[in-house]
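The values are calculated or read from the model by the stated rules, or taken from the named source; none is laboratory data. Quick caveat, the model's predicted, so the values are computed rather than measured. Cβ atoms come from the backbone with ideal geometry, glycine included; neighbour counts cover every protein chain shown. SASA here: full protein model, heavy atoms, side chains in, ligands and nucleic acids out. Shrake-Rupley method; radii C 1.70, N 1.55, O 1.52, S 1.80 Å.
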Amino acid sequence: MERWTFTRADFRSAMQALLPRGRVWPRDASTVQGQVLDGLAAAYERQTVDATALLVDAFPVTTTQLLPEWEVSLALCTGPAVGLAERRRRVVSKLVDTGGQSGAYYIGLAGSLGFPGCTITEYAAFTAGSGCSDPLNTADTGWPHAWRFNVPVQAGAVSFTATSGCDEALRGWGSAVLECVIRRAAPAHTAVLFGLLDQIGSQPEIVEDWSALA
């Protein structure tokens, strides 16, 4: 968006035009008076640029200076540093989100954050209709209020490289931002586990986070 504003020269000329006439009121830029007016003109130019920028900065899609305030006001989940476009997308996604408690909603929420292909595993408690051979309480069937969010292992994966620090892991998975968003959106009485899929559509091979049950 093109933004029109007054320049430093415009402000300097306007202030010089308001000065009285006479030998003690020179218009030469090399004089002390001219330098003072030029310094004031520079400050006015910066103020005008900032004020004009607010017309664009007030909208989440184009915000820059006010982006940190948007993030704080919306209490967004934070994670590793990301680009400006991604931060704006998170703000907009939060503002337009209408909420929900279906599996499709959580999968769509993850997709909007850049994690497509996720699935959900729900657990069923042992009931009167369960088979005699079904376990009463195991990691697969014993959590009536727990569910697992399965994420493709490539999502958020990082590898050790030649530029990595000596104290960094050889391989890492998962996303702190994704886990934070899903946990905040999950029903309050439930506990969310996160599983990593070696490929889309496979069974989770890794379930690392047991802290949700604490």
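Checked against (1) open to solvent by 80 Å² or more (accessible area, probe 1.4 Å); (2) over 27 Å from Ala176 (Cα atoms), Phe59 passes all but a single condition, namely (2). Could you give every pair whose Cβ atoms fall below 7 Å, whose first residue belongs to region 49-61 and is under 16 Å from Arg87 (Cα atoms), and whose second residue is in a helix (DSSP H, G or I) and among the aromatic types (Phe, Trp, Tyr), counting only separations of at least 6 or pairs across chains? Short answer, once both residue conditions are applied: Pro60/Trp70. Among the candidates Ala41, Ala14, Ala29, Ala51, the residue that is hydrophobic (A, V, I, L, M, F, W, C) and closer than 29 Å to Arg90 by Cα is uniquely Ala51. Residues of region 80-105 that are in a helix (DSSP H, G or I) and more than 17 Å from the chain's Cα centre (by Cα): Gly103, Ala104, Tyr105. The condition of being loosely packed, with under 13 Cβ neighbours inside 10 Å, at pLDDT 85 or above, more than 30 Å from Glu86 (Cβ to Cβ) and not polar (S, T, N, Q) holds for Pro20. Just to be sure, is Ala157 modelled with pLDDT under 75 and either open to solvent by 40 Å² or more (accessible area, probe 1.4 Å) or of a type in the set (A, V, I, L, M) (or both)? Answer is yes for this residue.
Residue by residue, here is whether (1) in contact with a Cys (Cβ under 9 Å, 6 or more places away or on another chain); (2) at pLDDT below 80; (3) in a helix (DSSP H, G or I) holds:
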| residue | (1), (2), (3) |
| --- | --- |
| Trp147 | no, no, no |
| Asp167 | no, yes, no |
| Gly174 | no, yes, no |
| Leu178 | yes, no, yes |
| Pro187 | no, no, no |
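Can you find even one residue in region 35-49 that is assigned to a loop (DSSP other than H, G, I, E, B) and exposed (fewer than 15 other Cβ atoms within 10 Å of the Cβ)? No, there is no match, as no residue in region 35-49 is assigned to a loop (DSSP other than H, G, I, E, B) and exposed (fewer than 15 other Cβ atoms within 10 Å of the Cβ). The number of residues in region 83-117 that are surrounded by 12 or more Cβ atoms within 10 Å (Cβ to Cβ), without any contact (Cβ under 8 Å) to a residue 60 or more places away in the chain, among the hydrophobic types (A, V, I, L, M, F, W, C) and in contact with a helix residue (DSSP H, G or I) (Cβ under 9 Å, 6 or more places away or on another chain) comes to 1. Does Thr78 qualify as being over 18 Å from Val177 (Cα atoms) and touching a helix residue (DSSP H, G or I) at 6+ places or on another chain (Cβ under 9 Å)? Judged against the criteria, Thr78 is not a match.
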